[in-house]
Amino acid sequence: MDIVLICRDALENSVLSNIGIAMEAKKNGSDAGIVFTGEALAAFAGESFRWSPLLENRGTKIKVVKNAASMGIQMASEKDKRWTDMSRLLKTAKEAGISLLACPLWSKLLQVEGKLPSEISTIDSQTLLKEMNEANTIIGGF
């Protein structure tokens, strides 16, 4: 991967940011991937996602989901466009060619094996370190 993004927060807006940036990088010719760790990994394994306080009101969420769709980032529930669907967001990323990886350390700490969506690959520490060593850019905190 040319670019590795690290997503640690169980915030829908954070996951959206990481996926959006990775998709833009891919459109511009870079091989991009996201490593989910900590809270994000726990949320994908069955815990709850949330939104940042200033973005959690219904009107803002609806606006964000609608604008994301116009940018080719699908995260709205197919049943009701006013709600988000994180599995749909992962599918959008995977279909765009983004590597979605589970941090091996946090996978073990949280015991999430078998609980993650199929779009997120589990890898060992050696593979993660190889990917990070070969990356031109590593970004954390989106």
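The figures follow:
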quantity	calculated
Mean residue ellipticity (222 nm) of the chain, computed from DSSP H runs ≥ 4 via -39,500 (n - 2.57), nearest 500	-13000 deg cm²/dmol
Out-of-range pairs (alpha-carbon distance over 21 Å; input Lys26/Lys115; Lys61/Lys81; Lys61/Lys115)	Lys26/Lys115; Lys61/Lys115
Pair Arg50, Ser121: separation of 7 Å Cα→Cβ label points (nm)	3.3 nm
The chain, accessible surface, carbon-and-sulfur percent (1.4 angstrom probe)	51 percent
For the chain, accessible area per residue (1.4 Å probe, heavy atoms of protein chains only), Å²	55 Å²
Estimated dipole of the chain in Debye, rounded to 20 [Cβ of Lys and Arg +1, of Asp and Glu -1, Cα centre]	580 debye
For the stretch 91-142, Kirkwood radius (reciprocal of mean inverse C-alpha pair distance, Å)	12.3 Å
Rg and Dmax of the stretch 33-74, Cα atoms only, in Å	12.6, 30
Local electrostatic count, Glu95, Cβ distance below 14 Å [Lys/Arg +1, Asp/Glu -1]	+4
Surrounding net charge for Ser30, when Lys and Arg each add one and Asp and Glu each subtract one, Cβ distance under 11 Å	-1
Per-residue SASA entry for Ser107, accessible area with 1.4 Å probe, Å² rounded to 10	20 Å²
Restricting the stretch 20-75 to GluC sites (Glu not before Pro) in coil, as DSSP defines it, with at most 16 other Cβ within 10 Å	Glu47, Glu56
Stokes-Einstein D in µm²/s, Kirkwood radius over Cα pairs - the chain at 25 °C with 0.890 mPa s viscosity	162 µm²/s
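The values are calculated or read from the model by the stated rules, or taken from the named source; none is laboratory data. Predicted model, so just to flag it, every value in this text is computed and none were measured. So basically every Cβ, Gly included, is an ideal-geometry build from the backbone, and we count neighbours across all protein chains shown. To get the accessible areas, we keep the full protein, side chains included, count just its heavy atoms, and leave off ligands, DNA and RNA. Shrake-Rupley method; radii C 1.70, N 1.55, O 1.52, S 1.80 Å.
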